[in-house]
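Read the structure below first, then the notes.
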Amino acid sequence: MAEIGRKKGVSALLMALAAGKSVREAARAAGVSERTATRRLADPAFHRRVAELRAEMMGRAVGTMADGAADAAATLRKLLKAKGESVRLGACRALLELGVKLRESVDFEARLAALEGKADEPKP
């Protein structure tokens, strides 16, 4: 029974640390001592798992943002036809600036993926 409680404590500690809580806050949330939390965090495997969980959380957040991006772009397009000149100008600026940034980001990711692919190829 103590093993189940210990596993719950480890899971809670992992999640709290991955969410960005301090060691003290994470320990409190997980029901473990700060010393235990610090000791666990010193373990490379535990530290890697915190990083993996944090990456998963960020991936979900990016997915949520991407889901709303199409709606945001559609709203900006509608604002291009607004009556107010300043509103239209703001929409134009936003579309142009964000469009350039998005293109740069997509291009960068494609170039990075190509380089990573070449790095993974077997050497002759």
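The values are calculated or read from the model by the stated rules, or taken from the named source; none is laboratory data. Remember, it's a predicted structure, so these values are computed and weren't measured experimentally. All Cβ positions, glycine included, derive from the backbone under ideal geometry; neighbour counts span all protein chains shown.
Values computed for the structure shown
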{"read-out": "Qualifying positions in the range 27-46 - within 12 Å of L14 (Cβ to Cβ), surrounded by fewer than 12 Cβ atoms within 10 Å (Cβ to Cβ) and not small (G, A, S)", "value": "D43"}
{"read-out": "Conditions (1) modelled with pLDDT of 95 or more; (2) within 19 Å of the chain's Cα centre (by Cα); number of the one not met by E25", "value": "(2)"}
{"read-out": "Residues of the range 8-24 that turn out to be more than 12 Å from A37 (Cα to Cα), surrounded by 17 or more Cβ atoms within 10 Å (Cβ to Cβ) and not hydrophobic (A, V, I, L, M, F, W, C), as a count", "value": "0"}
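Each row is one residue, and each column tells you yes or no for (1) loosely packed, with under 10 Cβ neighbours inside 10 Å; (2) in a loop (DSSP other than H, G, I, E, B).
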| position | (1), (2) |
| --- | --- |
| A66 | yes, no |
| D71 | yes, no |
| L76 | no, no |
| K83 | yes, yes |
| L96 | no, no |
| L102 | no, no |
| F108 | no, no |
| A114 | no, no |
